[in-house]
1. For the chain, which span is the longest to avoid every loop-located (per DSSP) member of trypsin sites (Lys or Arg not before Pro) having at most 11 other Cβ atoms inside 10 Å?
2. Rank these for me by crowding, Leu72, Leu13, going from fewest to most other beta carbons within 10 Å.
3. What does the charge count around Ile107 come to, taking other residues whose C-beta lies under 13 Å from its C-beta (Lys +1, Arg +1, Asp -1, Glu -1)?
4. GluC sites (Glu not before Pro) within segment 41-114: which are DSSP loop residues with at most 13 other Cβ atoms inside 10 Å?
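Just so it is clear, none of the values below were taken in a lab; they were calculated from the coordinates. Since this is a predicted model, take the numbers as computed values, not measurements. Reconstructed Cβ throughout: ideal geometry from the backbone, glycine too, with neighbour counts over all protein chains shown.
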Amino acid sequence: MENTSTEAHKENLLEREAEKLYEKYKEDFKNFLKGLETEEHGTKQAFLLLHAHAFEGKELTHDEKIEIENQLKDLLKTTGLVGIAVMPGGTLIFILAKFLKFNKYIIPSAFMEPKAGE
């Protein structure tokens, strides 16, 4: 009888852990989708600025140039991440990058976790 109770308790603990893990992944996926939306919006804005400059002769302000530069950096980071992900052992590079704090160099800004106070 006691053995059955212990097994039921273990099963209940496993179910709770699985539910916590599911909720964590669900929240992470929501954050990923928000990051995609942010990147899409930023890329669209940068493209519109570049189009206006190239085809309409609009002079870009210093802030607009910086915005375009940052967005192009993020776009190149995204492209690089795809390349890393398909490489053999690519996930190891992601783990090392997180461990060695290289995220700001390889992850687009929309996917970075905000620091405290931001």
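1. On the way: sites that count: Lys101, Lys115.
Excluding the exposed sites themselves, the longest stretch runs over 1-100.
2. Ranked by crowding around the Cβ, least crowded first: Leu13, Leu72.
3. With Lys, Arg at +1 and Asp, Glu at -1, the neighbours total +2.
4. Passing both the DSSP loop test and the Cβ count: Glu59.
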